[in-house]
Amino acid sequence: MSDDYVKQLHRMFGASAEARRLFERIAETPAAKRAEILADVNRLKRIAGLSYALMALYRQQVNSGFVLGDPVEIERTNCKTILDPNTGITFRVQWNPHRELRKNHSLLAEHNIISLKVDETRLINKGEDGRACYLCKTNIDEQNPGEILLGIELAGELFYAGANFSYITNNHFTVMNGEHRPQQYRREIARILNDFVEKTAGCFRAVFNGRAGASILWHEHIQATTEAFPIEQIRIEDEHIVHEGGDVRVSRPDYYIPVWVIEGRDKERLEAATHGIVESWHRLNRDEHTENIIVAGSGDRYRVFVILRDGKKLSAGRAGKKGAPAAFETGGNIILSYEPASGVNDVNERHTFESASLETVRELLEEISPERQSCDYLLKILTSKDSAGVFCRDR
């Protein structure tokens with residue numbers, strides 16, 4: 001555990017002596033004592049808040065080896081920042097080979113991430129290929145001995161937060177619906193994201209990936225991290241504002257992939273506007289249109305970034321990225337991890353990282369950007385008199 005990092009957390013939260021002792025006990029307890037850890041995490045949540053408790057749980061998962069490496073260390077050594085004067089964003093390009101380890105089953109078993117000896121009869125929600133859903137709690141309890149899930153109620157539904165062993169950023173969690181349902185956008189998604197941000201007092205950002213980047217499409221989940229997304233710095237000029245009123249501002253700033261930014265204090269209006277944009281985008285093409293959604297908060301103010309995606313343009317191989325970019329990439333964090341074996345003719349993300357420039361970032365985002373004609377038509381629809389209710393003007 002990084003002692004300096006943990007001391008900084010204690011100071012940032014103004015943690016009491018009791019809370020600090022509990023945090024450090026959680027962080028050092030072996031994963032085999034799951035019930036004891038969860039009891040301590042829930043106690044810490046009651047006395048110091050959900051964010052602090054989640055960070056203690058994450059430290060435990062790092063220290064126990066469930067998380068493949070310490071994000072605090074990789075951030076210091078394998079990350080480039082690139083300032084874009086056009087958008088005001090400082091993009092981050094990260095070389096993270098730990099991401100590739102998620103495909104090495106023998107290594108995952110060695111780290112107690114997965115078990116190679118599982119009673120298949122106890123697993124539920126199996127797909128056509130016979131594999132059980134990776135995000136159902138019942139299956140995680142059977143197959144992932146080192147993973148510890150914390151139950152959280154979001155928008156009246158039960159979710160389970162678990163550290164992402166193949167992390168992208170520090171305090172990276174997958175937050176899985178307790179119900180086995182497909183990873184499809186629904187109206188409640190905006191409320192779920194906002195509720196997570198509110199319950200963590202804005203310390204965490206929450207993310208939803210539709211078909212654009214979600215690796216497991218058969219079980220609904222969001223992702224969360226304490227790290228700010230570069231897109232939060234995006235420059236918004238007066239001419240970018242589409243609607244302002246009723247404590248909600250909606251804008252469409254210049255970016256290399258279409259993004260709508262919804263900001264305000266009234267969560268109901270915010271969620272209605274978010275849903276209006278996403279649902280209108282889907283109606284234009286039910287088969288292909290999808291989205292990345294990022295929610296951040298500060299105090300009682302929320303910011304939602306709806307990034308438009310098209311199922312026909314999910315990869316960015318020409319720009320030097322092998323995997324399908326998701327919200328982390330479209331939010332300004334370019335994650336690179338793949339290096340082909342010697343002699344293999346394939347995209348080499350290590351080369352992309354070493355030569356990365358603003359042009360690299362721009363090309364990557366533009367390669368996955370939906371057709372301009374569809375995005376412009378969406379703007380026309382949402383600013384027409386017939387669609388005034390989308391931005392809550394009728395309330």
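Bear in mind these aren't lab numbers, they're just calculated from the coordinates by the rules spelled out. Being a predicted model, the structure only gives us computed values, none of them experimental. So basically every Cβ, Gly included, is an ideal-geometry build from the backbone, and we count neighbours across all protein chains shown.
Computed over neighbours whose Cβ is under 15 Å from that of F165, the net charge equals 0, Lys and Arg +1, Asp and Glu -1. You can think of it this way: the chain between T90 and R46 has 12.2 nm of extra reach, that is 0.36 nm per residue less the Cα-Cα gap.
Taking all Cα pairs closer than 8 Å and separated by 6 or more residues, the relative contact order of the chain comes to 14 percent. Mean residue ellipticity at 222 nm, helices only, the chain: -10000 deg cm²/dmol; runs of at least 4 DSSP H residues each add -39,500 (n - 2.57), and the sum is divided by the number of residues. Dimensions of the chain along the principal axes, based on C-alpha atoms and rounded to the nearest Å, stand at 59, 55, 45, largest first.
Structural size metrics of the range 159-257, computed from C-alpha coordinates, are Rg and Dmax of 15.2, 43 Å.
Working from label points 7 Å from Cα in the Cα-to-Cβ sense, the K312 to D4 distance is 5.1 nm.
Quick one: work out Rg over Rh on the C-alpha atoms of the range 71-145, Rh as Kirkwood radius.
Result for the range 71-145 is an Rg/Rh of 1.20.
Hey, in the GNM for the chain with a 10 angstrom Cα cutoff, which one of I307, I216, I148 fluctuates hardest? Maximum fluctuation in the GNM of the chain, among the listed residues, is at I216. Based on the alpha-carbon gyration tensor of the range 3-63 and its eigenvalue square roots a ≥ b ≥ c, which shape applies: rounded if a/c is under 1.5, prolate if not and a/b is larger than b/c, or oblate? Oblate, since a/c reaches 1.5 and b/c is not below a/b. Note on E157 and H351: the model spin-label points, each 7 Å out from Cα along the C-beta direction, lie 4.3 nm apart.
Compare the Cα positions of L101, S215, V62 along the charge dipole of the chain (+1 at Cβ of Lys, Arg; -1 at Cβ of Asp, Glu; about the Cα centre) and return the one farthest towards the positive end. The residue sitting farthest along the positive end of the dipole is V62. The mean sequence distance of close C-alpha pairs (under 8 Å, at least 6 residues apart), as a share of the length of the range 3-63, puts its relative contact order at 37 percent. When the pairs K80/K199; K33/K117; K199/K313; K33/K103; K126/K313; K7/K45 are compared against a 24 Å limit on Cα-Cα distance, K80/K199; K199/K313; K33/K103; K126/K313 fall above it.
For the chain, the longest principal axis of the Cα atoms and the long axis of helix 17-28 meet at an angle of about 80 degrees.
Taking the centroid of alpha carbons for each part, the range 94-160 and the range 218-285 are 31 Å apart. When only alpha carbons of the range 237-393 are considered, Rg and Dmax amount to 17.5, 60 Å. Projected label points at E179 and R34, each 7 Å from Cα along the beta carbon direction, are separated by 2.4 nanometres.
Net charge dipole, the chain: roughly 500 debye, given to the nearest 20, about the Cα centre with Cβ charges of +1 for Lys and Arg and -1 for Asp and Glu.
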